[in-house]
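What follows is one structure encoded as structure tokens, with my remarks underneath.
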Amino acid sequence: MSKVIDGLRCNIENEDGLNLRNGCHDILVSDITGKTGDDVVALTACCGKTYHTGGSDAYTHVMPDDWDSRERDIYNVIIRNVIAHSDLCYTVRLLALGGARVHDIVVDGVVDNTPPEETHFGTFIIGDEFDEPGAISGVTISNVVCNAQTGFHIFGHLKDAVIAQAVNRRADTPLVTKQLEDGLINVLIRDTVTAQ
């Protein structure tokens with residue numbers, strides 16, 4: 001990411017509000033407010049093929065990515081009471097790549113409070129076009145107010161999941177979009193409303 005500061009474009013390594021990475025589990029994330037330049041809350045389980053020492057130059061992970069000595073998955077996480085928006089990206093991101101998984105996640109109570117004169121990519125982005133079926137599973141998302149270019153962008157695969165009680169405040173934008181034809185596997189979407 002980059003940002004113009006005092007007239008100069010500067011590299012900003014990461015502008016996520018909160019990003020849980022590989023190995024995070026049994027966590028409650030609650031009462032998040034504000035605005036970020038990247039994702040507000042992200043769960044990113046990504047296993048690269050190149051080994052980096054944690055905290056090394058130009059590497060934003062604190063833990064090393066030696067997958068023989070640490071967990072790959074993110075699981076048993078509850079995210080609740082988020083009132084925020086991104087300046088550019090998403091309010092909530094779920095991502096799993098390289099054999100890692102994000103599973104058994106509950107998200108309850110997200111209000112995307114983007115002002116009417118602004119917009120950003122979306123309230124939720126789930127997956128990546130290169131993820132594997134089942135990489136993101138066991139997800140329950142409820143009580144959401146969307147106010148972005150899309151409510152839920154299913155970019156990859158989502159399996160064994162529920163999206164319920166969502167309100168799309170922007171009549172000119174879709175509530176749910178999917179990138180892959182076979183991206184939804186045993187997913188229930190119910191009790192949704194789009195403003196008119």
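List of remarks:
- Length added when fully stretched, Q196-T140, from 0.36 nm per residue minus Cα-Cα: 17.5 nm
- Quarter the surface of the alpha carbon convex hull of the stretch 84-194 and you get the mean projected area, 6.2 square nanometres.
- Label-to-label distance, N186 versus S30, with points set 7 angstrom from Cα along the beta-carbon direction: 3.0 nm.
- Semi-axes of the equivalent ellipsoid for the stretch 70-134, computed as √(5λ) from the eigenvalues of its C-alpha gyration tensor and ordered from largest down, come to 25, 15, 8 Å.
- D108 long-range amide H proximity, modeled H, under 5 Å: I79, R80, N81, S142
- FRET E, pair T177, N113, Förster distance 30 Å, beta-carbon r, rounded to 0.05: 0.90
Every number in this text was worked out from the coordinates using simple rules, so none of it is lab data. Owing to the predicted nature of the structure, the values given are computational and were not obtained by experimental measurement. Reconstructed Cβ throughout: ideal geometry from the backbone, glycine too, with neighbour counts over all protein chains shown.
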